1. If you stretched the chain out fully between Q367 and A280, how much longer would it get, using 0.36 nm times the residue separation minus the C-alpha to C-alpha distance?
2. What residues of region 246-279 lie in the reach of a label at R409, counting those whose backbone N is under 16 Å from a point 7 Å from the Cα along Cα→Cβ?
3. Pairs of alpha-carbon atoms within less than 8 angstrom and 6+ residues apart define the contacts here; what relative contact order does the chain have, in percent?
4. Rounded to the nearest 20 Debye, what is the dipole magnitude of region 186-337 about its Cα centre when Lys and Arg each give +1 and Asp and Glu each give -1 at the C-beta?
5. Net charge near V285: determine it from the other residues with C-beta under 11 Å of the C-beta of V285, scoring Lys and Arg +1 and Asp and Glu -1.
6. Going by how many other Cβ atoms sit within 10 Å of their own, how do L154, L199 line up, fewest first?
7. Tally Lys and Arg at +1 and Asp and Glu at -1 over the other residues with C-beta under 12 Å from the C-beta of E56: what net charge comes out?
8. Have a look at A144, L199, A77 and report the one farthest towards the positive end of the charge dipole of the chain, computed about the Cα centre with Cβ charges (Lys/Arg +1, Asp/Glu -1).
Amino acid sequence: MSKKSKNLEPNTGWDFDPAPEKVPVEIKAQYDLFIDGKWVKATSKKFFNTINPATEEKLSEISEASEKDVDLAVKAAAKAFGSWSKLPGKERAKYIYRIARILQERAREFAVLETMDGGKPIRESRDVDVPLAAAHFFYHAGWADKLEYAFPGLKPKPIGVAGQIIPWNFPLLMAAWKIAPAIACGNTVVLKPAETTSLTALRLAEVFEEAGLPPGVVNIITGAGSTGAALVNHPGIQKIAFTGSTEVGKVIRRSVAGSGKKLTLELGGKAANIVFEDAAIDQAVEGIVNGIYFNQGHVCCAGSRLFVQESVREEVLQKLKFRMRSLILGDPLDKNTDVGAINSAEQLKTIQHYLSLGKKEGLEMYQNAGGTPKKGFWCQPTLFEDVAQSSVIAQEEIFGPVLAIQTFRTIDEVIQKANNTPYGLSAGVWTDKGSKIFNLTSELKAGVVWANTYNKFDPTSPFGGYKESGFGREGGIHGLAAYLNLEG
Ligand code: ADP
């Protein structure tokens with residue numbers, strides 16, 4: 001029996017040992033802050049626990065950086081900027097290439113750690129997050145000595161100290177997205193990971209040490225919202241790069257206003273994934289599943305609103321439900337797992353709140369049967385059928401494995417519905433007509449539009465949104481520009 005057909009019968013008939021990955025990963029009992037190339041105690045002397053969301057077991061204690069610690073980190077970065085910004089690009093590149101190679105060498109360890117701390121399936125951290133993180137360092141290392149060719153006729157200069165705040169859904173990858181372009185352009189960095197997922201950013205600091213990156217070029221400070229706010233408000237920061245919720249993005253925008261700090265915001269999303277009747281339906285169903293159930297739907301560009309052309313509604317729904325039933329929810333460290341744990345108890349509560357709202361609205365809900373493990377935070381893949389445009393399920397970002405399905409008849413109708421959202425980060429289109437793809441991509445108000453694929457990422461490709469999804473781009477030449485002063 002092929003692996004594929006076996007996947008159709010979850011939890012039954014295994015003829016091999018589905019033993020989880022057992023790569024030993026050393027996790028310290030406590031982690032200090034990484035400031036000026038050294039591990040230093042937080043002046044607050046406070047720690048908070050980081051747990052494995054699949055087991056609720058405590059993994060380690062993480063330092064809570066105070067305002068004083070933020071100040072020390074920013075000062076270290078400002079001091080390092082003096083020499084790092086003057087280093088020839090090809091010398092900066094050597095460090096960044098080294099970081100990329102070490103990440104590759106330690107890929108397995110990073111993948112296991114990411115999965116333990118965040119709950120995502122090992123297959124995703126192993127095949128997507130870690131290789132892409134390394135790719136971001138490789139790609140930006142390549143730019144470090146070619147910046148004047150990226151911006152012909154301009155004189156690109158680094159900005160200064162970048163304060164970077166990242167979320168918990170792609171902890172290592174987001175750190176790489178932010179740090180690689182910043183340091184390639186000659187800036188220095190103070191980065192704060194999200195409070196539920198600090199471990200891989202801290203381990204990345206070990207990679208910086210191993211690569212011999214000069215002290216202070218990248219500082220990693222841990223903590224929650226107040227630490228992030230202290231970083232945003234510090235006068236020694238010249239650039240803020242934030243990825244997270246629209247709510248916090250708005251707060252940051254207000255606090256930065258008038259300060260002269262450069263700002264990029266990558267915020268929430270409620271992407272339309274549009275399936276036309278002429279699409280390759282089986283392929284589209286794979287794209288729908290990947291679009292919403294990848295990383296438990298903890299993806300800002302998740303295809304959380306499915307628009308199906310009315311004529312193929314039955315076929316798509318039937319195939320989608322069939323495919324959903326084949327998804328294996330369980331131990332994230334098991335390489336056969338498709339759906340891992342929800343990142344935190346708090347996020348599970350948010351998701352459950354939306355599920356009950358949907359039911360209260362009278363929507364038809366379909367959820368995979370099969371129950372969930374007793375310990376940990378879990379949500380079976382879920383969809384709501386025939387969701388009204390005005391429904392909260394179609395309007396608000398849930399950030400979980402919950403799909404809102406709507407139908408449409410004409411291209412104009414679907415464009416109007418797809419754009420009827422405060423967000424504008426991404427979209428997907430499934431059709432065999434190139435003309436439809438071109439028509440739609442110019443009409444959809446979304447920073448990224450995938451055609452006949454979904455959730456494809458590459459360091460060369462700019463990523464970012466419109467409207468309440470934020471502004472500025474990360475990746476590609478556009479992403480470099482966000483870390484440079486460009487003068488004629
Ligand atoms: P989510 O709602 O998905 O958890 P958040 O926007 O709350 O996303 O968190 C994203 C990042 O922003 C995290 O690193 C978090 O600690 C940080 N953060 C939260 N509140 C603030 C704030 N007021 N100022 C700066 N950073 C913040």
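Just so it is clear, none of the values below were taken in a lab; they were calculated from the coordinates. Computed from a predicted model, the values in this text were never measured in an experiment. Neighbour counts are summed over all protein chains in view; Cβ atoms, including those assigned to glycine, are modelled from backbone coordinates with ideal geometry.
1. 28.9 nm
2. What the label zone holds, given the 16 Å backbone N cut-off, is 277.
3. Computed over the chain, the figure is 18 percent.
4. Charge dipole, region 186-337, about its Cα centre: 680 debye, nearest 20.
5. 0
6. L154, L199
7. Overall, the nearby charge balance is +2.
8. A77
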